[in-house]
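The values are calculated or read from the model by the stated rules, or taken from the named source; none is laboratory data. Just so it is clear, the model here is predicted, and its values are computed rather than measured. Counting neighbours? That spans all protein chains shown, and the Cβs are built from the backbone with ideal geometry, glycine included. What goes into the accessible areas is simple: the full protein's heavy atoms, side chains included, and nothing from ligands, DNA or RNA. Shrake-Rupley method; radii C 1.70, N 1.55, O 1.52, S 1.80 Å.
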Amino acid sequence: MAKYSSLGEGFAAARIAGAERHLFLCLGPDCAPMEEGQVVWDYLKRRCAELNLPVMRTKAGCFRVCVGGPWLLIYPEGTWYGRLTMERCERILQEHVMNGAPVYEWVTRTQPLCNPATNS
């Protein structure tokens, strides 16, 4: 059974139209215990709503890194943060998502999927 009655309602709930970033969180189970990932997901979901952030968020079961998680991947930059905790999540939301300044001490990798100069 579908959660929404129409595609329009689903896209609106996903906040696609106003999204400036997409946050993907890998919950595990191989990079970290799923319980830890779920705690961080619940926190991320709540804080994004409380701060009314212009983001889409997606939880994932595995990014295939399988070490050093839970992992947070932020697009369009392609910034990878490992060993995510609620405290790290909060700082990343405040500094990276809200102010555009990645928390470099925790950035493991930056890998955009495409070159912004070639996008039209």
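Please determine, by comparing only the residues of segment 47-71 that are among the aliphatic types (A, V, I, L, M) and part of a loop (DSSP other than H, G, I, E, B), which one is nearest to residue 102 (Cα to Cα). Spell out the reasoning first.
So the first thing to find is which residues in segment 47-71 are among the aliphatic types (A, V, I, L, M), and the list is 49, 51, 53, 55-56, 60, 65, 67.
Going one step further and asking which of them are part of a loop (DSSP other than H, G, I, E, B), we end up with 51, 53, 65, 67.
Working: 51: 18, 53: 16, 65: 21, 67: 22 Å.
Only one residue tops the list, namely 53.
Of the residues that make up segment 72-85, is at least one more than 23 Å from residue 104 (Cβ to Cβ), among the β-branched types (Val, Ile, Thr), under 12 Å from the mean Cα position of the chain (by Cα) and in a strand (DSSP E or B)?
To start, the set of residues in segment 72-85 that are more than 23 Å from residue 104 (Cβ to Cβ) comprises none.
Scanning segment 72-85 turns up no residue that is more than 23 Å from residue 104 (Cβ to Cβ), among the β-branched types (Val, Ile, Thr), under 12 Å from the mean Cα position of the chain (by Cα) and in a strand (DSSP E or B).
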- Item | Total residues in segment 20-46, condition in a helix (DSSP H, G or I) and either open to solvent by less than 40 Å² (accessible area, probe 1.4 Å) or among the small types (Gly, Ala, Ser) (or both) | 5
- Of 17, 49, which residue is over 15 Å from residue 85 (Cα atoms), touching a helix residue (DSSP H, G or I) at 6+ places or on another chain (Cβ under 8 Å) and open to solvent by 40 Å² or more (accessible area, probe 1.4 Å)? 17
- Query: Restricting attention to segment 52-75, which residues are touching a strand residue (DSSP E or B) at 6+ places or on another chain (Cβ under 7 Å) and either charged (D, E, K, R) or open to solvent by 70 Å² or more (accessible area, probe 1.4 Å) (or both)?
  - Reply: 57, 59
- Of all the residues that make up segment 1-12, how many are under 20 Å from residue 76 (Cα atoms) and open to solvent by less than 50 Å² (accessible area, probe 1.4 Å)? 0
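Does any residue of segment 9-32 turn out to be touching a Cys at 6+ places or on another chain (Cβ under 7 Å) and farther than 22 Å from residue 98 by Cα?
To start, the set of residues in segment 9-32 that are touching a Cys at 6+ places or on another chain (Cβ under 7 Å) comprises 26, 30-31.
When the remaining residues are screened for being farther than 22 Å from residue 98 by Cα, the result is 30-31.
Yes.
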- Considering segment 86-101 alone, what residues qualify as being loosely packed, with under 14 Cβ neighbours inside 10 Å and under 10 Å from the mean Cα position of the chain (by Cα)? none
